[in-house]
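Asker: One structure, pasted below without further comment.
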Amino acid sequence: MIHELPKLPYELNALEPWISAKTLEFHWGKHHQTYVNNLNNLIKGTEFENLSLEEIVKKSSGGIFNNAAQTWNHTFYFEQFSANPKKIPEGKLKELIDKTFGSLDQFKTEFNQLALTLFGSGWTWLIETTPGTLAIKQTSNAETPFKNSEKCLLVIDVWEHAYYLDTQNARAKYIENFWNVLDFKVIEKRL
Amino acid sequence: MKFELPNLSYSYDALEPYIDARTMEIHHTKHHMAYTTNLNNALAELKDYPATMEEILSTISKYSMAVRNNGGGYFNHNLFWELLTAKSSKKPVGKLAEAIERDFGSFEAFREKFNTAAATRFGSGWAWLVSQNGKLVIGSTPNQDNPLMDISELKGNPVLALDVWEHAYYLKYQNRRPEYIEAFWNIINWEKANELYIKTL
């Protein structure tokens, strides 16, 4: 099957000034698109040709894994933003965040710290390790928690391409900006 | 003893149009500076450590990740700046030129192999030409690892280095890493590379 780049659920300039249209133009239009194109080229004539994206991520390694996982990770990342985000989680998500971290602020502090200190390229995730148990996890490069059957809830991309046009070396500023467009409505539905 | 951020021997705009002044300034005064500061902070927690980065790198497995990451970042950037010049001969010189012909067949074949190593390093890292007692080998390392580190898969003495972290090229080239790699060939300090090579013989 041919994998396709999903459309963004908002306009390229919708997340300004927190994430610029120029960043999205490259991040979604070039990086994400390239992972999708590479994946389609690499799986031609292989055992992965007719598998779903999720199955490829779980079963592959090397170049196919990198491009499949980056395709999946970026879709998951872009889907969680909105120009009018819900900034405070409610219901079960709120309960689990409070239970695990004490408060939303405490969760954000711990999450920000791990996003800031991931060395090199990668991602920082909020995951549900077992039903009712949340954790924060860093992954390098294309690695993704759902390969190990951990449920992904929220993610920040800390590859430099995610923020370099907007905040350059100031990753902390990008992480701070991220919370202004992160839509907890999307995260609640993932639980 | 503290390690210090070296000054560049050329101005930030000297490598234009291949590497732009804004990239050079942020790369040197922010990224390289942060590695230097963080390295000194990590070393300050130790009772004792060797005087040279080379000695630290050769036993890096005994140190914390903070020393490995920031020590690598400090050393790699020092080397990278020295290997760049506005007045490049654009082709290898001296004993290094001979060794490139000998070990890769031609300068063109060498270039192609180095380009592939730089383009295919997934994520952040460096592409290298190293000397293994005179024999030239091309490879790459992840993040701020380098071929002097005892934990590195690629071993040898660095002769040529290319930074392929996105911060090295994103303001000018964005996702087009191959264009940045192509530009690099116009600003290599081959005299310096030859000097590094001769030391390994």
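Read the figures in this text as sums done on the coordinates, not as results from a lab. Here the structure is a predicted model, which is why all the values come from computation and not from measurement. Note that we place each Cβ from the backbone using ideal geometry, even for glycine, and neighbour counts take in every protein chain shown.
Asker: How do B:44-52, A:97-105, B:110-118 rank on mean C-beta neighbours within 10 Å, highest first?
Answerer: B:110-118, A:97-105, B:44-52
Asker: Rounded to whole Hz and in sequence order, give me ³J(HN,Hα) for the range B:127-136 from the Karplus expression 6.51 cos²θ - 1.76 cosθ + 1.60, θ = phi - 60°, writing x for Gly and Pro.
Answerer: Ordered by residue, 3J(HN,Hα) equals 9, 9, 10, 10, 10, 9, 6, x, 7, 8 Hz.
Asker: With a 10 Å Cβ neighbour count serving as the proxy for reagent exposure, in which order, fewest first, do B:R102, B:R176 appear?
Answerer: Result, fewest neighbours first: B:R102, B:R176.
Asker: Something else: How much length is gained on full extension from A:K87 to A:M1, taking 0.36 nm per residue of separation minus their Cα-Cα distance?
Answerer: Extending this stretch completely gives an extra 27.2 nm.
Asker: Okay, next question. Over 26 Å between C-alpha atoms is what I'm after, so list which of B:K47/B:K192; A:K108/A:K185; B:K87/B:K172; A:K108/B:K172 land there.
Answerer: Beyond 26 Å between Cα atoms: B:K47/B:K192; A:K108/B:K172.
Asker: Just grab the label-to-label distance for A:A172 and B:A183, each label 7 Å out from Cα along the Cβ direction, in nm (one decimal).
Answerer: 2.9
Asker: Right, here's the next one. Arranged by the count of other C-beta atoms within 10 angstrom, fewest first, what order do A:S149, A:S20, A:S140 take?
Answerer: With the sparsest Cβ surroundings first, the list reads A:S149, A:S140, A:S20.
Asker: Please compute the alpha carbon radius of gyration of the range A:43-191, then divide it by the globular-protein estimate 2.2 N^0.38 Å. Two decimals is fine.
Answerer: 1.07
Asker: Then there's this: Can I get the semi-axes of the protein assembly as shown's equivalent ellipsoid? Compute them from the C-alpha gyration tensor as square roots of 5 times the eigenvalues, in angstrom, largest first.
Answerer: Three semi-axes, in Å: 39, 24, 20.
Asker: Based solely on its DSSP helices, what 222 nm [θ] is calculated for chain A when runs of n ≥ 4 H residues each add -39,500 (n - 2.57) and the sum is averaged over all residues, nearest 500 deg cm²/dmol?
Answerer: Helices in chain A give a 222 nm mean residue ellipticity of -13000 deg cm²/dmol.
Asker: Hey, got the average number of other protein chain Cβ atoms within 10 angstrom for residues in B:122-130?
Answerer: The shielding value for this peptide is 3.
Asker: Stokes-Einstein diffusion coefficient for the range B:85-201 at 37 °C in a medium of 0.692 mPa s, Rh from the Kirkwood formula over Cα pairs: what value in µm²/s?
Answerer: Estimated via Stokes-Einstein, D reaches 228 µm²/s.
Asker: If you bin the C-alpha pair distances of chain B every 5 Å from 0, what whole percents do you get?
Answerer: The distribution over chain B is 1, 8, 16, 21, 21, 17, 11, 5, 1, 0, given as percents.
Asker: Out of every Cα pair in the range B:45-139, what percent are spaced more than 20 Å from each other?
Answerer: The answer is 51 percent, as a whole percent.
Asker: Using a Cα-Cα cut-off of under 17 Å, which aspartates and glutamates could be cross-linked to A:K7, ignoring same-chain neighbours fewer than 8 residues away?
Answerer: A:E25, A:E79
Asker: Still on this model: Amide H neighbours of B:L84 under 5 Å, at least 5 residues apart or on other chains, H built in the peptide plane: list them.
Answerer: The list, which skips near neighbours in sequence, is B:N189.
Asker: Given contacts defined as C-alpha pairs under 8 Å and at least six residues apart, what's the relative contact order of the range B:84-169, whole-number percent?
Answerer: Here the relative contact order equals 24 percent.
Asker: Using Cα pairs under 8 angstrom and six or more residues apart, how large is the relative contact order of chain B, in percent?
Answerer: Relative CO of chain B lands at 25 percent.
Asker: Which whole-number percent is the relative contact order of the range A:43-123 (Cα, under 8 Å, 6+ apart)?
Answerer: Normalised by residue count, the contact order of the range A:43-123 is 13 percent.
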